[in-house]
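These notes are about the structure you will find just below.
The numbers here are math on the coordinates, done by the rules we state, and not lab data. Predicted model, so just to flag it, every value in this text is computed and none were measured. Every residue, glycine among them, receives a Cβ derived from its backbone with ideal geometry; neighbour counts consider all protein chains shown.
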């Protein structure tokens with residue numbers, strides 16, 4: 001079974017894929033801020049390009065955070081990706097409030113959903129050994145998530 005098909009390393013592989021996408025977006029936001037602003041869902045005017053570049057740096061940092069946490073532990077990946085899900089939620093709200101395109105709002109919402117699902121998958125993959133240990137010791141596996 002491959003990592004992307006649901007094996008024990010599936011969350012780490014998914015984090016690396018998301019991180020790769022974020023590297024590409026970060027590069028785009030740094031190198032072509034006007035085009036990136038359109039993709040983000042808000043037009044950029046005048047000195048606004050600097051803010052778009054700041055978003056690029058944010059995406060690059062998030063890509064690094066996902067990569068590091070994916071290599072550290074499932075619980076670290078769960079925490080980082082769960083917290084990071086707040087970023088596209090805020091982005092979607094900002095685009096919606098500023099009357100950006102519905103497509104851009106959906107793009108941000110999809111990113112938030114992907115990060116939230118990654119967080120849940122990483123958390124669950126990190127608890128599997130604990131469940132197995134409880135079963136091996138005759139403890140109720142239903143209680144494994146309470147520890």
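With out of contact with any helix residue (DSSP H, G or I) (no Cβ under 9 Å at 6 or more places or on another chain) and over 19 Å from residue 107 (Cβ atoms) as the only criterion, which of 47, 10, 78, 67 stands out? Walk me through how you get there before you give the answer.
Details: 10 fails: out of contact with any helix residue (DSSP H, G or I) (no Cβ under 9 Å at 6 or more places or on another chain); 78 fails: out of contact with any helix residue (DSSP H, G or I) (no Cβ under 9 Å at 6 or more places or on another chain); 67 fails: out of contact with any helix residue (DSSP H, G or I) (no Cβ under 9 Å at 6 or more places or on another chain).
Criteria check complete, one pass: 47.
Between a residue in segment 40-52 that is touching a residue at least 12 places away in the same chain (Cβ under 8 Å) and at positive phi and any residue that is part of a helix (DSSP H, G or I) and surrounded by 14 or more Cβ atoms within 10 Å (Cβ to Cβ), which pairs come within a Cβ distance under 7 Å, given they are 6 or more apart or on different chains?
That search, which allows pairs on different chains as well, returns 41/95; 41/104; 41/105.
If the Cβ limit is 6 Å and pairs must be 6+ apart or interchain, which residue in segment 114-125 that is at negative phi and touching a residue at least 12 places away in the same chain (Cβ under 8 Å) pairs with which residue that is surrounded by fewer than 17 Cβ atoms within 10 Å (Cβ to Cβ) and in a helix (DSSP H, G or I)?
Close Cβ pairs satisfying both conditions: 119/82.
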